[in-house]
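Q: Below: one structure in structure tokens.
The values are calculated or read from the model by the stated rules, or taken from the named source; none is laboratory data. It should be emphasised that the depicted structure is a prediction, and the values quoted were computed from it without experimental measurement. Cβ coordinates were reconstructed from backbone atoms using ideal geometry, including for glycine residues, and neighbour counts include every protein chain displayed. Accessible surface is based on the protein model in full, side chains and every heavy atom, while ligands, DNA and RNA are left aside. Shrake-Rupley method; radii C 1.70, N 1.55, O 1.52, S 1.80 Å.
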Amino acid sequence: MVHDHDHEHDVEDPRTLLGPLVDAVMEREVRSRLDHARLRVRDTTLWPPPGDITEPWLGWLDSIARAETHLRRMRPLVADVVAEGVQDVVLVGMGGSSLFPMVLAGVWGSAPEHPRLHVLDSTDPAAVARVETDIDWTRTVVVAASKSGTTVETLAHLDRFVYRLTEALEERAPSRVVVITDPGSALERRAVSEGFRAVVPGDADVGGRYSALSPFGLLPAALIGADVERMLVRAREAAAAWVVDPWVDGGPSAIAALLAAGVAAGRDALHLIVDGRAGMFGAWVEQLVAESSGKDGTGVLPIVVRTAEDVVAADRAVAVIVGDVEGIDELVAREVPTLRIRWDGPAALMAEATRWMQAVPLLCAQLGVDPFDQPDVAAAKAATAAALADGTEPPDAVTIASIATQLRAAGSIALLAYVDPGGADAARLEAQAHGLAERFGVPVSVGIGPRYLHSTGQLHKGGRADVALLLIVGDDPEDVPLPGRGHGFARLKRAQAAGDLVALRAAGRVAHRIAADDPDLIV
């Protein structure tokens, strides 16, 4: 556990919370401890061949040690941005490139004299328009974050926002664009060609969802004036403590054993109940768990819920509570195996990220899957490209009543909504998920498109085949054009929805489009 230095906590016996999984979890303790030692020495035989698990994919194990070098290179850039009076930073990215910056913004806010951080990972026109109207483009820096430099959504956002910067600043617009990307990427070449302000190189040996402590997380943290040094100290202390004991108090080995034992017992629905002070940390864990584990017909289904009452399918569930959340006694009474991890404030954020980045590869070792690939993500990308090229639209909506038989036979349901993540539709769907879960007696997750394509989308196609996926495509009364493309964000969003539906059905999944105002969704 990571402690603030000015207080201590009483430690409860975790076995009292494990209910029906207590014996199965404890039987995995020795293996989980040994696996942690093997992970630390980069033993790639932890995961099954074939595949491309080589030591270079394990660079995130060095992220804490590398951080000071990265920060030393970034500090002049950050100081210049602050000195210029920049008020807003708009970061565009997807998956691992966007979710941890979102967590940072929610947990830390921005320090005095430092800019606000806006993170955009939506192609919904209303979401794009809201960012555009909330800021003064003469006092804004755009950060485009993409490891590959080819991420469709990120490049679309970059094109649009370079256009807006040019409107406001004319020839000075490139000086307000910063790129985070891997060396040699197409985005790096574009940055050099167009004279962008800076290229911050990522670590080529660190995958996107393991990049929280790499430049993809460090630069946003530094720009908002978060106490990066303190977070790194806490992360270093936590990592050192887990070398001594990776099991105690929700350590990485304990998390891996709980989740792997859960999968073996048919309890593969991880319910994450996260203290509100931790912001979007649950969404970051969700993508790490789903994209790493969801393949070869197995995986852990992460579901971010608000309260213990939202855990409906108790016989399918395990729960991890992060922070001070009510309801743990209720979960124990319902025999939901539960692990509690205390939330020790903003300074512990990178330590908590490290906890999960160590735990998930250990989980994948026990599941027998490669934690660092995402073989099914490319299918949705290809289908989106095809839908854009040939004008494919999402199919007509069906009603939940008409597919009720399929939903009753499903092991889980996913609501996949292409709507404004900050709008009323997204909030309403979060509330509606609980009613749907109660009606059909299965776990129900909510994914916001296209964000989910870069996280739970891998699990949808590569995990258990008995998931039912319900796509919702919000209306776009006003579009936002994409410069030089002949279409706007509305078309891109609809192509992504149509493409993913094609990819899901090609993977043999039950997948339908439903209407946002379906009577069975009204709560």
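Q: Given Cβ point charges of +1 (Lys, Arg) and -1 (Asp, Glu) and nothing else, what value in debye, to the nearest 20, does the dipole of the chain about its Cα centre take? Intermediate results must be reported in sequence, preceding the final value.
A: Working: 49 positive and 73 negative charges, 231 e Å.
It comes to approximately 1100 debye.
Q: How high is the relative contact order of the chain, in percent, counting Cα pairs under 8 Å that sit 6 or more residues apart?
A: RCO, the chain: 19 percent.
Q: Output ³J(HN,Hα) for the stretch 180-197: one whole-Hz value per residue in order, computed from phi by the Karplus curve 6.51 cos²θ - 1.76 cosθ + 1.60 with θ = phi - 60°, and x for Gly and Pro.
A: Coupling constants for the stretch 180-197: 10, 7, 6, x, x, 6, 4, 5, 4, 5, 5, 4, 5, 4, 8, x, 4, 4 Hz.
Q: Select from the stretch 27-123 those chymotrypsin sites (Phe, Trp or Tyr not before Pro) which occupy a DSSP coil region and have at most 12 other Cβ atoms within 10 Å, ordered by residue number.
A: Passing sites in the stretch 27-123 do not exist.
Q: In Å, what Kirkwood hydrodynamic radius results for the chain from the alpha-carbon pair distances?
A: Values: mean 1/r = 0.0430 Å⁻¹.
That comes to 23.3 Å for the chain.
Q: Something else about it: Could you state the accessible area per residue of the chain in Å², with a 1.4 Å probe and every protein chain left in place? Provide the component values of the computation, followed by the final result.
A: Values: 19060 Å² over 523 residues.
Accessible area per residue, the chain: 36 Å².
Q: Oh, and also: For q = 0.12, 0.13, 0.18, 0.27 Å⁻¹, what log10 I(q)/I(0) does the stretch 246-320 give under the Debye formula with an equal point scatterer on each alpha carbon and no solvent?
A: Values returned for q = 0.12, 0.13, 0.18, 0.27 Å⁻¹ are -0.32, -0.37, -0.73, -1.39.
Q: Of Gly435, Gly345, Ile403, which is farthest along the charge dipole of the chain in the positive direction, counting Lys and Arg as +1 and Asp and Glu as -1 at C-beta?
A: Result: Ile403, furthest along the dipole toward the positive end.
Q: Then there's this: Per the Kirkwood treatment, what hydrodynamic radius in Å, one decimal, follows for the stretch 275-392 from the mean inverse distance over all distinct Cα pairs?
A: 16.3 Å
Q: Quickly rank 284-295, 440-451 as a protection proxy: mean count of other C-beta atoms within 10 Å, highest first.
A: Top of the packing list down: 284-295, 440-451.
Q: What is the distance, in nm, between label points placed 7 Å from the Cα along the Cα-to-Cβ direction at Glu27 and at Glu478?
A: Rounded to a tenth, the inter-label distance reads 6.0 nm.
Q: Further, regarding this structure: Set the Förster radius R0 to 45 Å, insert the Cβ-Cβ distance between Ala389 and Leu169 as r into 1/(1 + (r/R0)^6), and round the FRET efficiency to 0.05.
A: E between Ala389 and Leu169, to the nearest 0.05, is 0.85.
Q: Continuing with the same structure: Which FRET efficiency value, to the nearest 0.05, do you get for Arg277 and Ser148 by plugging their Cβ-Cβ distance into 1/(1 + (r/R0)^6) with R0 = 22 Å?
A: The pair Arg277/Ser148 has a calculated efficiency of 0.10.
Q: Tell me the relative contact order for the stretch 153-248 as a rounded percent, counting alpha carbon contacts under 8 Å between residues six or more apart.
A: Value for the stretch 153-248: 17 percent.
Q: Now for a different question. On each of the three principal axes of the Cα atoms of the stretch 49-164, give max minus min coordinate, whole Å, ordered largest first.
A: 50, 32, 25
Q: Whole number please: convex hull volume per residue, Cα atoms of the stretch 343-442, in Å³. List each step's numbers first, then the result.
A: Working: hull volume 21.3 nm³, N = 100.
Cα convex hull per residue, to the nearest whole number: 213 Å³.
Q: So, in nm, how far is label Thr44 from label Ala507 when the simple model puts each one 7 Å beyond its Cα toward the Cβ?
A: 2.6 nm
Q: Would you work out the relative contact order for the stretch 453-511, in percent, from Cα pairs under 8 angstrom that are 6 or more residues apart?
A: 44 percent
Q: I've got another one for you. Report, to the nearest whole %, how much of the accessible area of the chain belongs to carbon and sulfur atoms, 1.4 Å probe, protein only.
A: Answer for the chain: carbon and sulfur cover 52 percent of the accessible area.
Q: For the stretch 306-390, which GluC sites (Glu not before Pro) are both in a DSSP coil and crowded by at most 16 other Cβ atoms within 10 Å? Could the numbers behind the result be given before it?
A: Working: sites: Glu309, Glu326, Glu330, Glu335, Glu352; in loops: Glu326, Glu335.
Here the GluC sites (Glu not before Pro) that fit, given the DSSP loop and packing criteria, are Glu326, Glu335.
Q: While we're looking at this one, here's another question. Binned at 10 Å from 0, what are the whole-percent values of the Cα-Cα distance distribution for the stretch 178-279, short to long?
A: Histogram of Cα-Cα distances, whole percents per bin: 12, 26, 32, 20, 9, 1.
Q: I would also like to ask the following. For the ranges 482-489, 408-415, what's the packing order if you count other beta-carbon atoms within 10 Å of each residue, average per peptide, and put the highest first?
A: With the highest mean Cβ count within 10 Å placed first, the list reads 408-415, 482-489.
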